[in-house]
Amino acid sequence: MPHLLAQFARFGAVGLVGLVVDVALFNLLRVTVLAPEVVAEGPIVAKVVSTSIAIAVNWIGSRYWSFRLRRRRPATREAVEFAVVSVGGLVIAVGCLVVSREVLGLTSLLADNIASNVVGLGLGSLFRFALYRWWVFHPRRSVPAETAVGEAGGAPRRRIEAVAGVDDDASIRP
């Protein structure tokens, strides 16, 4: 349990950095080039852009810090799985923003921030943590980082757990 709490704390710290990137970029875009007065669907586009940038920041932090002992090599498959899960989180955040704007009619800057950056990111974070832990960085699917390669970049080091027995008599029987 202490390992899970420490991992959750690291995940939270990485998420906090991603949150700052996401919220700052969302608000910058939302009040400038993607303001609803300039582009009708500007806040939604701003959320997609800001969250996409935050996803890249979060992948780096998750891979190299939060789940560093569970990362796999090569990183391509892990990155694709991370992106799929992150897009799920993005859909949750954007969905909350769409419901707030289109269904509830709440279109102020404050309402957009609460819908996307409080409710949406909160729900999306729970979704992402669960899937990162139990799918993307699951220990059964991972090669621990410290045992990924042998000496001088040679063959992977793996501990042999058991070796099947050999029946010498069976090989000489007709």
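The values are calculated or read from the model by the stated rules, or taken from the named source; none is laboratory data. Keep in mind that this is a model prediction, so the values were computed, not measured. Neighbour counts are summed over all protein chains in view; Cβ atoms, including those assigned to glycine, are modelled from backbone coordinates with ideal geometry.
Out of all the residues in segment 119-134, which are of a type in the set (A, V, I, L, M, F, W, C) and either surrounded by 15 or more Cβ atoms within 10 Å (Cβ to Cβ) or touching a residue at least 60 places away in the same chain (Cβ under 8 Å) (or both)?
Listed by number, the residues that qualify are V119, L121, L123, F127, F129, L131.
Among residues of segment 31-45 that are over 19 Å from I114 (Cβ atoms), those with a Cβ under 7 angstrom from a residue that is crowded, with 16+ Cβ neighbours inside 10 Å and at pLDDT 95 or above, sequence gap 6+ or separate chain, pair up as V39/V45.
Pairs are defined by a Cβ separation below 6 Å, a sequence spacing of at least 6 or placement on different chains, a first member in segment 79-99 that is of a type in the set (S, T, N, Q), and a second member that is at pLDDT below 95; the pairs so defined are S86/I55.
Scanning segment 35-69 for residues that are part of a loop (DSSP other than H, G, I, E, B) and in contact with a Phe, Trp or Tyr (Cβ under 9 Å, 6 or more places away or on another chain) turns up just one, F67. Of all residues in segment 79-106, those satisfying the criterion of being modelled with pLDDT of 95 or more, more than 13 Å from T51 (Cβ to Cβ) and of a type outside the set (A, V, I, L, M, F, W, C) are S100, R101, E102, G105. The sole residue among S100, S50, S116, S108 that is among the hydroxyl-bearing types (S, T, Y) and surrounded by fewer than 20 Cβ atoms within 10 Å (Cβ to Cβ) is S108.
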